Amino acid sequence: MADLSVDRLTISHRGETLVREVTLRIGAGETVALVGESGSGKSLTARAAAGLLPDGLTARGSVVFDGRQLIGRPERELRTLRGRRIGLLLQDPFTMLNPMLTAGTHIAETLPRALGRAARRAEVTRRLAEVGITDPSVADRYPFQLSGGMCQRVAMAAALAGDPDLLIADEPTTALDTTVQREVLDLLTRLRESRGMGLLLITHDLRVAFDTCDRVLVMYAGSILEEAPAARLAERAGHPYTAGLLTAMPSVRHRRATLTGIPGRVPRAAEVAGRCVFTSRCGHADDRCGASAPEPRPVGAGHLVACHRQAEIAGLLSRPSPPAEKAPATAASGPRPAVARVSGLRKEYRVRRSAPPVVALGGISLTIGDGESVGLVGESGSGKSTLSRCLLGLTRPTAGTIAVDGVAQCVFQDPYTSLNPAHTVGFALREALGRRPADGEVPPSEADLLDLVGLPAEYGRRRPVALSGGERQRVAIARALAVRPRLLICDEPVAALDVSVQAQVLELLRRVNRELGTSLLFITHDLAVVRQVTDRLVVLYHGEIVEEGPTESVLDRPGHAYTRRLLASAPQETAV
Amino acid sequence: MNVRRPGPVLLACLAALALVLVAAVLGERIAPYDPLLQDPARGAVGPGGLHWLGTDDLGRDIFSRLIAGAWTAIAGPLLVAIGTTLIGTALGLVAAYRGRTLDALIMRSVDLMYALPAMLVLIVVVGVLGGGYYAAVLMLILLVVPTDIRLVRSAALTQRELPYMESARVLGLSGSRIVLVHLLPNVLPTVVTNFLLDFVTALVGLSSLSFLGMGVPVGTPDWGLMLAENRSILDLNPWSVIAPALLITVTATAATMLADAGYDRISSAGARRG
């Protein structure tokens, strides 16, 4: 069995450093998670470890696998290593597989060549069974005929077909539904144990890392800030950044009194050379932090922290806020007038004229009270987005009635396409303000709106391209609030955001709900997020409402089998 | 985002187009000779001190005729480009935004137009029925516009489903405002590129017609026509043919290169991520 040892790996592009002096070691059969937000350099590090750096990027330092130096090794030799010794699993199951090849061909490609046709066929079937696909006919199907979870399993079987000693998995479950994510992670853990294979898991989700790995490394702006056994990191994070990430995470078990995001944004690795990379966003920084980059120092068994002030601030680090008091005041105040009433809503799609219609919503009824915050959870294809589109008037329902009192507005998932790239933030806000119904009050100014969502007034002159994902999402919220909606429909508004930014947006939405009295319909797949922001929860499954009730009681005592499965699948925030 | 400085190739293209434009506007006023002045005694002489590019068989100065010919080389194609861009963009946007019946109506008509062999129709209408240069311009608009409609429509369709378009609809903005203020700026790269490429198509198309003896009347200083008229003196003064051919090629190439660079620039100037 082989181990991977990365020593002072530095990756740069035309002189700009992207990853700085990363050191990590994965022993045979060990599982290590590399956790970081977008732009932290975690994927690049993983690619360098597999000898797969994109063209134009150069790596310095050393990557030794099984006693062989990978850096500077010619592609021809690396190729024999990949697949046979190092397997690679990537995020998007659909683009990872070649659409022109069947599932079986993908797996057979990496198998030892010496097999005859029948033997190869049998081996492919065996490999598919190993990843939980017992139907051998899957081997003859093309990726587009398979679901996301199936594709990811096929990709996993293909990655494992060469019996690698180390599997590098880059966000393997991010694109999947919660329940499928759980299945894939469990499968990954099981296979790893039965094969004694090492695993390097790249993820943005600390919960997934805690769930799956022995050791966790936290990466930020191209540098590793902390390394610790998973259980220890969850309890005693030693770096202000890790502590910040933990306080920014909502919990599926209880509503936190407050979620605290980390202010500011992730700098580029090149901007923060020669100092602690977290200085600009750290509440504990002093002169030393800006003067030199701290070396990782051991603070416990297998626990390394790269922080100048680690010893001084160990007791001061923020910890996740305790569970909030029982049900907040607004939720308890009896029946309220409805802002939206949906009854018998049915939506069918016709894919082809001859084919029977697909039922997206099977006649559902739902009422959203004034000032209420309602969560809507369900997996992809459950009809949750169809419901929101019907409420917004973007789709015409097949049957049923929808009555919305006042204006409904929306915030969408992808912050990068939610704003028109051709116009400034101010233009978007002024345009929305122009649609504000006259109510005798002085309408807010553009600056008021920006202030409401915590952005400086000068952002009005910027175009979306100059904004980060979290900032764009705030602008989208400000634009929605400009018309003074009675109901704000949020369709996965934080799914594309990093944890530290997600917390800020969630807090903002909660404030909008509490202070402005705007009703929320919050669509998400993340139960922890739902617990944090909503009073009432509606569970949608195959176009039907299967469970409905106060968020706390549904999550504490789920009634329907699907809700229970969903809860069991949610990654836990503490290590197991 | 920093604005890239145009490279030497792009600068050369801009300079070439600017020169042609100046020649088109000033025309005879900057030409050393009257482009129509005949001097049979000095017919078909090669380049020299008096006539930089020599003369044709009637003794007319090639260089002056090239300058004067810039007008028909620019004006017609420009009209075609303006016409097709306006009509094509409007119909393409409407087809993409409204969808359904209107889309079907517009796009089936486009399919029908596509089925026509453009050059053949042009030759029949202009050559056989007569009508001259401006009839050719009108026909070219009709024949080129389907391409524009298709390109603008497909560019608009990719934008139509994006959340920012839906946000605009949820805000309750009027259809015309959504199309003009939200959709149009995001298909602008396609529109600008279409404009320049239509110009090239029309330039080559009109020159071809002139070469075939249709379009402009005989004797008009026109690059395509010069190409045809001077073929007989190719051995006496090769420049009388090479020069107009070169000008057509250079102008068309420069506009194409500009279209290519223009697309990259406009689409990266804040419109898209990265």
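Tabulated values for the structure
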| read-out | value |
| --- | --- |
| Verdict on A:R255 being within 26 Å of A:S569 (Cβ to Cβ) and either charged (D, E, K, R) or touching a residue at least 24 places away in the same chain (Cβ under 8 Å) (or both) | yes |
| Helices (runs of 4 or more DSSP H) wholly inside segment A:510-576 that include at least 3 residues being within 24 Å of A:L497 (Cα to Cα) and open to solvent by less than 10 Å² (accessible area, probe 1.4 Å) | A:527-533 |
| Helices (runs of 4 or more DSSP H) wholly inside segment B:78-189 that include at least 2 residues being within 14 Å of chain A (Cβ to nearest Cβ), under 30 Å from A:Y416 (Cα atoms) and among the small types (G, A, S) | B:132-160, B:163-170 |
| Selection within segment A:207-263 - polar (S, T, N, Q) and either open to solvent by 30 Å² or more (accessible area, probe 1.4 Å) or under 25 Å from A:Q181 (Cβ atoms) (or both) | A:T212, A:T242, A:T247, A:S251, A:T258, A:T260 |
| Criterion (open to solvent by 20 Å² or more (accessible area, probe 1.4 Å), at pLDDT 90 or above and among the β-branched types (V, I, T)) met by exactly one of B:V181, B:V191, B:V218 | B:V181 |
| Complete set of residues in segment A:38-53 that are over 17 Å from A:L70 (Cβ atoms), outside any helix (DSSP H, G or I) and open to solvent by 10 Å² or more (accessible area, probe 1.4 Å) | A:S38, A:G39, A:G41 |
| Out of A:L78, A:L53, A:L44, A:L57, sole residue that is in contact with a helix residue (DSSP H, G or I) (Cβ under 7 Å, 6 or more places away or on another chain), at negative phi and touching a residue at least 12 places away in the same chain (Cβ under 8 Å) | A:L53 |
| Listing of strands (runs of 3 or more DSSP E) fully contained in segment A:351-406 that carry 1 or more residues being away from chain B (no Cβ under 14 Å) and surrounded by fewer than 21 Cβ atoms within 10 Å (Cβ to Cβ) | A:358-369, A:399-404 |
| Segment A:4-36: number of residues that are at pLDDT below 85 and either assigned to a helix (DSSP H, G or I) or under 25 Å from A:L206 (Cβ atoms) (or both) | 1 |
| Number of positions in segment A:93-114 that are open to solvent by 60 Å² or more (accessible area, probe 1.4 Å) and not aromatic (F, W, Y) | 8 |
| Residues within segment B:36-88 that are open to solvent by 60 Å² or more (accessible area, probe 1.4 Å) and in contact with a strand residue (DSSP E or B) (Cβ under 7 Å, 6 or more places away or on another chain), tallied | 1 |
| Hey, B:L203 part of a helix (DSSP H, G or I), aliphatic (A, V, I, L, M), modelled with pLDDT of 90 or more and in contact with a Pro (Cβ under 7 Å, 6 or more places away or on another chain) or not | yes |
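Residue-wise test of (1) buried (at least 19 other Cβ atoms within 10 Å of the Cβ); (2) within 14 Å of chain B (Cβ to nearest Cβ); (3) under 21 Å from A:G39 (Cβ atoms).
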| position | (1), (2), (3) |
| --- | --- |
| A:C410 | yes, yes, no |
| A:E441 | no, no, no |
| A:A447 | no, no, no |
| A:A457 | no, no, no |
| A:V465 | no, yes, yes |
| A:Q473 | yes, yes, yes |
| A:L481 | yes, yes, no |
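The values are calculated or read from the model by the stated rules, or taken from the named source; none is laboratory data. On a predicted model such as this, the values are computed, not experimentally measured, just so you know. Positions of Cβ are generated from backbone atoms using ideal geometry, with glycine treated the same way; all protein chains shown enter the neighbour counts. Just the protein is used for accessible areas: all its heavy atoms, side chains included, with ligands, DNA and RNA removed. Shrake-Rupley method; radii C 1.70, N 1.55, O 1.52, S 1.80 Å.
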